[in-house]
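Worksheet for the structure shown next.
The values are calculated or read from the model by the stated rules, or taken from the named source; none is laboratory data. Every value quoted in this text rests on a predicted model; they were computed, and no experiment measured them. Cβ sites come from the backbone with ideal geometry, for glycine too, and all protein chains shown count toward neighbours.
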Amino acid sequence: MSKTVKVVLQIALFILFIAVAVWAYGALNKKVQPPNGAGGAPGKDEPSPAAPDFTVFDAAGKTVKLSDLRGRPVVLNFWASWCSPCRSEMPAFEQLYRESGGEIAFMMVNLVDGQRETEATATRYIEEQGFTFPVYFDREQEAAVTYGVRSIPRTIFIDQYGDIVSVAGGAIDGDTLQKGIDLIK
């Protein structure tokens, strides 16, 4: 790759990062609220931003895209097994995953870095805890980069049309998770 191509690529990635950061800042300033028009989600006159697509891997190593879930509401969560706040919110995700009966797609994206977090450590944690929600592995950090994830956990609520309705940074409790799910039903 020539030096010019590298510079152009770096500039494009920087511009993308700034755009995602500006969007994320605005989205994170809105709290997850019930669907009564009282903030947290775009109103009828405000369009929701489309959720950018990405590719991750399931436990069998098969590629899965966010767009594969279009037509169903999606709870997208970024996490790692070493992350204490991530671990604290997992029981709520498991409970609501089981209660949703498949009506809501849960996309629990593990941020694999190959050192601090591996697929083996994540899988071992999930099995030890008895969680049954689907776990996907972001081996190449494509999903994290696409969503500008700089800290975890991060949860994004996406409606059936593929639009981002709300974003929650940090650990969330069951009530907050339920409010986010209510927004995308």
Of all residues in segment 154-183, which are within 17 Å of Q95 (Cβ to Cβ) and among the aliphatic types (A, V, I, L, M)? A168, A171, I172, L177, I181
Among residues of segment 92-105 being part of a helix (DSSP H, G or I) and in contact (Cβ under 8 Å) with a residue 60 or more places away in the chain, the residue nearest to G71 (Cα to Cα) is S100
Qualifying residues in segment 80-113 (those that are of a type outside the set (A, V, I, L, M) and in contact with a Lys or Arg (Cβ under 8 Å, 6 or more places away or on another chain)) - the one nearest to R139 (Cα to Cα): S81
Would you check which residues across segment 151-168 are in a strand (DSSP E or B) and crowded, with 19+ Cβ neighbours inside 10 Å and list them? R154, T155, I156, F157, I158, I164, V165, S166, V167, A168
Every pair of residues 6+ apart whose Cβ atoms lie under 8 Å, when the first sits in segment 71-83 and is within 8 Å of I158 (Cα to Cα) while the second is assigned to a strand (DSSP E or B) and polar (S, T, N, Q): V75/T155; L76/T155
Find all pairs meeting these conditions: Cβ atoms under 8 angstrom apart; at least six residues apart or on different chains; first residue within segment 137-150 and surrounded by fewer than 20 Cβ atoms within 10 Å (Cβ to Cβ) and modelled with pLDDT of 95 or more; second residue among the β-branched types (V, I, T) and assigned to a loop (DSSP other than H, G, I, E, B). R139/V112
For segment 71-84, give me each residue that is surrounded by fewer than 18 Cβ atoms within 10 Å (Cβ to Cβ) and either among the small types (G, A, S) or touching a strand residue (DSSP E or B) at 6+ places or on another chain (Cβ under 9 Å) (or both). G71, R72, S84
Specify the residue that is nearest to Q178 (Cα to Cα); the eligible residues are those in segment 37-58 that are touching a strand residue (DSSP E or B) at 6+ places or on another chain (Cβ under 8 Å), surrounded by 13 or more Cβ atoms within 10 Å (Cβ to Cβ) and modelled with pLDDT of 95 or more. A51
